[in-house]
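Enquirer: Structure incoming, see below.
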Amino acid sequence: MSSYVESVLAPGERIIHRAALSHWNFCLSYFLGVLCLALGGAALLIPRDSRYAIAAALGALGVLILLVTAIRRATTELVLTDRRIIAKRGFISRDTVEMNLGKVESLHVNQGLLGRMLDYGDVTVVGTGSSLEPLRGIAGPLELRRKLGEMAGATPKGA
């Protein structure tokens, strides 16, 4: 199964850079999922008849949290092609935004101290008359900005 971006590429259009959400963006979700699984395992040590129900409920909650987190990360795409920027979020309901490179005015990268240390940050693409909603927790945001700068220098305005 191909990705959304690959299915909407125009003939001759090629992908220059593919960005992903950082695992650090989901640190709390990972922690809660693993904690629920661990508590479910610990609930089996309770000397009561209800221990199996408690363990099953906590285990199911942990698996659900981890599954939803994995799906959210896997179904978010941010791609820079030689013609445009494409951002897609969602699995069942899909939210997509595309902007031609000729319309891009700037790309804002916001990284806190932790984001700089772990190489993730928020990216906002500002274009003529509009902007993309900030994409939070993008891994390697400076690489995306560098690639966009290379493409903007190689693409004539209005293309």
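The values are calculated or read from the model by the stated rules, or taken from the named source; none is laboratory data. All of these numbers come straight from a predicted model, not from anything done at the bench. Cβ atoms come from the backbone with ideal geometry, glycine included; neighbour counts cover every protein chain shown.
Enquirer: I'd like to check something: does the range 103-122 contain any residue that is under 20 Å from Gly140 (Cα atoms), hydroxyl-bearing (Ser, Thr, Tyr) and surrounded by 17 or more Cβ atoms within 10 Å (Cβ to Cβ)? So that I can check it myself, show each step before the final result.
Expert: At the first step, the residues of the range 103-122 found to be under 20 Å from Gly140 (Cα atoms) are 104, 106-122.
This time we only want the ones that are hydroxyl-bearing (Ser, Thr, Tyr), so: 106, 120.
Still in the running and surrounded by 17 or more Cβ atoms within 10 Å (Cβ to Cβ): 120.
Checked the range 103-122: at least one residue is under 20 Å from Gly140 (Cα atoms), hydroxyl-bearing (Ser, Thr, Tyr) and surrounded by 17 or more Cβ atoms within 10 Å (Cβ to Cβ).
Enquirer: Return the pair list, or none, for Cβ contacts closer than 8 Å from residues in the range 40-55 that are free of Cβ contacts under 8 Å to residues at least 24 places away in the same chain to residues that are part of a loop (DSSP other than H, G, I, E, B), at least 6 apart or on different chains.
Expert: Arg51/Leu44; Arg51/Leu45; Tyr52/Leu44; Ile54/Ile46; Ala55/Leu44
Enquirer: Kindly indicate whether Glu98 is assigned to a loop (DSSP other than H, G, I, E, B) and touching a strand residue (DSSP E or B) at 6+ places or on another chain (Cβ under 7 Å).
Expert: No: the conditions fail for Glu98.
Enquirer: Further, regarding this structure: Determine which single condition Ser93 fails, assuming it passes every other condition in (1) surrounded by fewer than 18 Cβ atoms within 10 Å (Cβ to Cβ); (2) closer than 25 Å to Gly129 by Cβ; (3) among the polar types (S, T, N, Q).
Expert: Failed condition: (2).
Enquirer: Also: Restricting to the range 1-50, count the residues that are of a type in the set (Ser, Thr, Tyr) and surrounded by 12 or more Cβ atoms within 10 Å (Cβ to Cβ).
Expert: The qualifying residues number 5.
So that you can scan it fast, the table gives a plain yes or no per residue for (1) touching a Cys at 6+ places or on another chain (Cβ under 7 Å); (2) among the small types (Gly, Ala, Ser); (3) closer than 18 Å to Arg84 by Cβ; (4) at pLDDT 85 or above:
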{"site": "Leu28", "(1), (2), (3), (4)": "no, no, no, yes"}
{"site": "Pro47", "(1), (2), (3), (4)": "no, no, no, no"}
{"site": "Ser50", "(1), (2), (3), (4)": "no, yes, no, no"}
{"site": "Ala60", "(1), (2), (3), (4)": "no, yes, no, yes"}
{"site": "Leu64", "(1), (2), (3), (4)": "no, no, no, yes"}
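Enquirer: Being within 17 Å of Leu135 (Cα to Cα), part of a loop (DSSP other than H, G, I, E, B) and in contact (Cβ under 8 Å) with a residue 40 or more places away in the chain is the filter here, so list the residues in the range 61-82 that pass it.
Expert: Thr76
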